[in-house]
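Have a look at the structure below, then the notes.
All of the numbers you see were taken from the coordinates with simple rules; none came from a lab. Just so you know, these numbers come straight off a predicted model, no measurement behind them. Cβ placement follows ideal geometry from the backbone for every residue including glycine, while neighbour counts extend to all protein chains displayed.
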Ligand code: UD1
Ligand code: UDP
């Protein structure tokens with residue numbers, strides 16, 4: 001039997017390619033929804049641009065890659081990641097015949113996978129498409145990775161209306177863009193259902209801190225650490241928990257500046273359950289992470305964003321996140337305000353998430369079914385409910 005797109009009724013083969021912790025978290029619910037649908041066969045390929053931090057999440061979500069390129073090397077340069085991933089993916093795509101490649105976000109793995117798919121004349125779909133700062137150095141190299149993926153991809157799953165507008169402005173045809181919501185909210189809500197309630201912190205107020213962006217390596221991260229020390233000096237009921245990314249560029253500075261303070265816990269990166277529990281226990285989250293900015297509003301935790309610009313402006317506009325950059329004085333003054341002014345804190349501690357509602361993966365599957373001619377009706381897009 002043939003569908004109206006000329007495909008036979010055998011299952012459509014999709015290769016989902018990823019390499020790092022956030023891609024794994026954000027693609028796990030998509031893979032699950034694709035597998036439950038029955039129309040698709042999923043081939044999972046990991047570059048393993050991250051190793052331990054990827055394995056932790058493959059295990060957590062019960063994902064077993066069909067191909068593992070194992071490309072991570074310590075201190076890897078961007079060019080090395082690009083070359084090893086491209087060569088490995090070229091080989092895998094040469095062996096496997098697939099109908100589409102699916103990538104997520106803005107990592108070098110995501111960009112290279114889209115490029116490799118194009119070289120093999122395989123269509124590609126981009127989950128979390130259309131995020132832009134229009135500053136090619138921030139975030140580096142993610143802004144350019146996203147734009148390059150946007151040029152090549154055939155289907156663009158924009159998480160928000162703003163992301164769709166960016167793509168339209170760049171000339172992407174409207175029928176190729178679909179507002180799905182962000183799949184990280186699917187992952188988060190599913191995990192929250194399986195987690196026991198958290199009990200209030202007996203110690204006092206906890207600041208949860210993460211940092212890893214390349215543009216923050218060196219001096220900017222040192223300024224952040226100095227600001228955190230000042231906050232500990234001002235507020236004796238505050239403690240800091242800092243799950244350290246495995247990148248030595250982050251660990252060396254965090255350890256040198258913070259490890260001797262008795263109200264700082266520098267910890268190994270916890271798995272998703274552990275990290276979600278920390279977010280729930282936190283009073284304020286201080287981070288340069290993309291995913292954490294998207295998750296915190298579901299939990300009603302104010303986020304101070306350690307960036308000059310963000311490609312995720314929605315939470316700032318809604319008032320639950322604030323851009324503080326890495327200026328020591330600005331970080332200290334914004335934290336002081338939130339720690340001393342209850343009203344200012346409560347204005348930011350609201351559970352409103354502009355990024356998703358937990359149904360993004362199912363919307364993506366519905367849209368993919370249309371793309372492959374398995375349904376006629378255009379599925380509904382995501383709209384925030386506030
Ligand atoms: C990468 C992505 C970034 C994403 C981030 C999520 C690129 C260019 N960067 O940044 O967009 O926000 O992942 O965390 O795609 N390391 C380990 N074990 C691990 C992971 C990393 O030891 O499991 C160390 C290695 O020394 C590695 C270094 O961290 O060389 C940097 O890893 P890399 O993937 O190049 O960049 P990230 O900063 O992790
Ligand atoms: N995360 C985690 N453990 C940690 C730090 C982060 O599980 O120690 C999760 C977090 O909840 C979010 C994702 O990892 O879903 C974000 O990853 P990261 O900050 O490395 O990358 P980014 O989102 O900035 O690309």
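Per-residue extension of 0.36 nm, minus the Cα-Cα distance of residue 386 and residue 36, leaves a gain of 123.0 nm for this segment. Inter-part distance, segment 159-186 to segment 321-359, computed on C-alpha centroids, equals 26 Å.
Most tightly packed first, judged by the mean number of other beta-carbon atoms within 10 Å of their residues, the peptides 65-73, 21-29 read 21-29, 65-73. Between segment 40-59 and segment 206-240, how far is it from one alpha carbon centroid to the other, in angstrom? So the separation of the two Cα centres works out to 31 Å. Taking 87, 361, 289 in turn, the Gaussian network model of the chain (Cα-Cα springs below 10 Å) assigns the largest fluctuation to 87.
Helix 52-61 versus the longest principal axis of the chain: what is the Cα-based angle in degrees, 0 to 90, to the nearest 10? That helix lies at roughly 70 degrees to the long axis. Only DSSP H runs of four or more residues enter the estimate; each adds -39500 (n - 2.57), and after division by the residues of the chain the mean residue ellipticity at 222 nm equals -14000 deg cm²/dmol.
Exposure proxy for 310, 107: other Cβ atoms within 10 Å of each Cβ, ordered fewest to most, give 310, 107.
Using the Cβ-Cβ distance between residue 260 and residue 329 with R0 set to 30 Å, the FRET efficiency works out to roughly 0.80. Here 375, 191 are placed in order of increasing Cβ neighbour count within 10 Å, fewest first, which gives 375, 191.
Computed extension gain for residue 267 through residue 55, at 0.36 nm per residue and net of the alpha carbon distance, reaches 74.5 nm.
Under 15 Å from a label point set 7 Å out along the Cα-to-Cβ vector of residue 147, the amide N atoms of segment 153-190 belong to 166-172. Using the Cβ-Cβ distance between residue 80 and residue 234 with R0 = 41 Å, the FRET efficiency computed as 1/(1 + (r/R0)^6) comes to roughly 0.45. Distance between the pseudo-spin-label points of residue 346 and residue 322 (7 Å out from Cα toward the beta carbon): 1.7 nm. Largest mean-square fluctuation among 363, 169, 11, in a Gaussian network model of the chain whose springs join Cα atoms under 10 Å apart, belongs to 169. Only Cα pairs under 8 Å and 6+ residues apart enter the sum, and on that basis the relative contact order of the chain stands at 16 percent. Taking every C-alpha pair closer than 8 Å and separated by at least 6 residues, the mean separation divided by the residue count of segment 1-110 gives a relative contact order of 35 percent. Ranked by how many other Cβ atoms sit within 10 Å of their own Cβ, fewest first, the residues 114, 108 fall in the order 108, 114. Mean separation of Cα pairs under 8 Å and 6 or more residues apart, divided by the residue count, gives segment 331-386 a relative contact order of 30 percent.
What the Cβ-Cβ distance of residue 214 and residue 337 gives, at R0 = 41 Å and to the nearest 0.05, is a FRET efficiency of 0.90. Relative to the longest principal axis of the Cα atoms of the chain, the long axis of helix 183-194 lies at roughly 70 degrees. Structure remark: mean-square fluctuation, Gaussian network model of the chain, C-alpha springs under 10 Å; the largest value among 273, 111, 178 belongs to 273. Using a ≥ b ≥ c from the Cα gyration tensor of segment 71-182 (square roots of the eigenvalues), is it rounded, prolate or oblate, where a/c under 1.5 gives rounded and otherwise the larger of a/b and b/c decides, a/b for prolate? Here segment 71-182 falls in the oblate category.
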